[in-house]
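See below for the structure under consideration.
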Amino acid sequence: MAIDSFPVLSALLQWSPALVTGFGQNILISLVAIGLGSLLGLMVGALALSPLRLLRLPARIWVQIFRNAPWLVLIYFTTYVFPFEIHIGSSYVSFPDWVKVTIGLALPASANVAEIFRGAIGSIPSTQWEAARSLAFTRGQIFRSIILPQCFKRMLPPWMNLYAVVTMGTALASLVGVHDVIDTAQIASNTVNMTGFTVVIYLSLLVLFFAYCYPISRFTQRLERRYAFY
């Protein structure tokens with residue numbers, strides 16, 4: 001029996017390349033967002049551990065604001081606070097919506113990375129600090145040679161969980177005009193205009209996100225068992 005006998009499946013096959021391309025946009029946003037968020041989060045986390053209150057306070061305010069702010073609000077904020085194009089010299093450079101969404105997702109990611117970093121530092125037994133000080137290590141040497149190598153192993157599982165959450169958060173990008181997989185599905189649904197196709201295409205989106213995020217979750221569990229500490 002030809003697949004044309006099933007119009008819903010036939011339409012889904014026709015739209016599958018566009019869905020995959022749109023999902024690639026979501027993955028791009030998630031990778032750049034977690035990269036920016038991680039770099040910024042490590043800096044904020046380091047400031048939050050500073051012995052100087054002048055440095056600790058802004059870092060903690062940053063964490064509290066962006067950990068508790070709704071992601072959709074942050075995406076709308078970055079979408080409208082940044083211009084559509086930037087004037088550089090005599091030329092104008094466009095500032096695409098997907099970059100604005102990436103920044104909007106990187107902000108809460110940075111706050112969460114800062115907390116992950118702070119928690120990893122706090123999980124190191126105090127005896128290791130005391131032993132290192134007794135050997136005349138400076139604070140910087142203790143961080144570089146003893147604390148940080150252990151912290152990154154402990155940070156990796158929650159960091160990967162955060163990346164999976166950020167990936168799922170990219171589904172909000174279509175609300176501000178980004179042509180991602182959700183936007184593609186909406187266009188396809190309006191074009192085909194069949195209830196059965198609408199159900200199937202959004203089920204396909206669930207499968208796409210699950211197929212991408214589930215292996216990350218499984219790998220995270222394996223890392224947690226490997227780097228388990230007591």
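The slack in the chain from Arg226 to Phe137, taken as 0.36 nm per residue of separation less the alpha-carbon distance, amounts to 29.1 nm.
Based on Cα atoms of the chain, Rg over Rh with Rh as the Kirkwood radius reads 1.10. Using a 1.4 Å probe, what is the accessible area per residue for segment 151-230, in Å²? Per residue, segment 151-230 has 56 Å² of solvent-accessible surface.
For the chain, find the longest principal axis of its Cα atoms and tell me its angle to the long axis of helix 195-226, 0 to 90°, nearest 10. Around 20 degrees separate the two axes.
Against the chain, whose longest principal axis is taken from its Cα atoms, helix 7-48 shows a tilt of about 20°. Just the protein heavy atoms count here, and of the accessible area of the chain at 1.4 Å, carbon and sulfur take up 67 percent. In degrees, nearest 10, range 0 to 90: what is the angle between the Cα axis of helix 97-123 and the longest Cα principal axis of the chain? Once rounded, the angle reads 30 degrees. Of interest is the spacing of the C-alpha centroids, which for segment 5-37 and segment 137-191 amounts to 18 Å. How much FRET efficiency would the formula 1/(1 + (r/R0)^6) give for Leu42 and Gln186, where r is the Cβ-Cβ distance and R0 is 35 Å, rounded to 0.05? The calculated FRET efficiency here is 0.45. Helical runs (DSSP H, four residues minimum) scored at -39500 (n - 2.57) apiece and divided by the length of the chain put the mean residue ellipticity at 222 nm at -26000 deg cm²/dmol.
Solvent exposure of segment 5-112 amounts to 56 Å² per residue of accessible area, where only protein heavy atoms count and the probe is 1.4 Å. Before anything else, pin down the relative contact order of segment 55-139: Cα pairs under 8 Å, at least 6 apart, normalised by residue count, whole percent. This gives 31 percent for segment 55-139.
The values are calculated or read from the model by the stated rules, or taken from the named source; none is laboratory data. Because the structure is predicted, anything quoted here is derived from the model rather than measured. Positions of Cβ are generated from backbone atoms using ideal geometry, with glycine treated the same way; all protein chains shown enter the neighbour counts. With ligands, DNA and RNA removed, areas are computed over all heavy atoms of the protein, side chains included. Shrake-Rupley method; radii C 1.70, N 1.55, O 1.52, S 1.80 Å.
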